[in-house]
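Accompanying notes for the structure given below.
The values are calculated or read from the model by the stated rules, or taken from the named source; none is laboratory data. Bear in mind that the values here come from a model prediction, so they are computed numbers and not experimental data. Glycine also receives a Cβ, built like all others from the backbone with ideal geometry; neighbour counts cover every protein chain displayed. Side chains included, ligands, DNA and RNA excluded: accessible areas come from the protein's heavy atoms. Shrake-Rupley method; radii C 1.70, N 1.55, O 1.52, S 1.80 Å.
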Amino acid sequence: KPVVGATLRLMGQDGSRLYLDEKGYITTEDQGTIAEWITDGTPFIVKGLSVDTEYTVIEVKAPAGYHKAEPISFKVVEQKGLQLTEIPNRPYEPEIKTKAFNSDTRGKEVHAISKAKVCDIMTYVDLIEGREYKAVARLVLKSNPTVVIAEAKLIFAPQEKDGEVIVCFGEIDL
């Protein structure tokens, strides 16, 4: 399935920028605009490429939820009709890890107390920036993970795809 919203740029054999006129033909800088486009699910057609010449398509910006694709090089062959080149995009694969700590002692272990303020550091990878997420954290007994001691909810919108947030359960009887 084609990925929509990727910004792609066509580069010359030596890494130089290429330019297109209003009809999609390769031209000079003073006669056209940079050969760059945003994918919309349909083929982008460039005309006037030289046969037996290698070109590279680079992804300038990946759409939300995708990693940038590696540059794709291709060689124009002499044929009638279209020559297609696909640019694969790898979607984000979100991952979340947590680690509970005693907020009163800043994570240091304590013994012989009856209550503790417990928080969880939630570390995330590959979330979509600006999208709202709802986290439900459950504090369980280490000896029996089916026993839930406390639960906390958090709604957040990450500013970067990788990071961490802190979820606090409040004061817990130990």
Filter the stretch 28-44 for residues that are in a loop (DSSP other than H, G, I, E, B) and within 15 Å of THR56 (Cα to Cα); the one that is least open to solvent (accessible area, probe 1.4 Å) is ALA35
Considering the stretch 138-174, residues that are among the basic types (Lys, Arg) and open to solvent by 90 Å² or more (accessible area, probe 1.4 Å), and then whichever is farthest from VAL125 (Cα to Cα), we arrive at LYS142
Filter the stretch 1-27 for residues that are in a loop (DSSP other than H, G, I, E, B) and open to solvent by 70 Å² or more (accessible area, probe 1.4 Å); the one that is nearest to ILE72 (Cα to Cα) is GLN13
Going through the stretch 26-47 in order, the residues found to be in contact (Cβ under 8 Å) with a residue 24 or more places away in the chain, small (Gly, Ala, Ser) and more than 30 Å from PRO158 (Cα to Cα) are ALA35
The residue from GLY48, GLY65, GLY32 that alone is small (Gly, Ala, Ser) and closer than 25 Å to ARG90 by Cα is GLY65
Counting only strands (runs of 3 or more DSSP E) wholly inside the stretch 57-174, the ones holding at least 2 residues that are at pLDDT 85 or above are 72-75, 115-125, 133-140, 148-156, 163-173
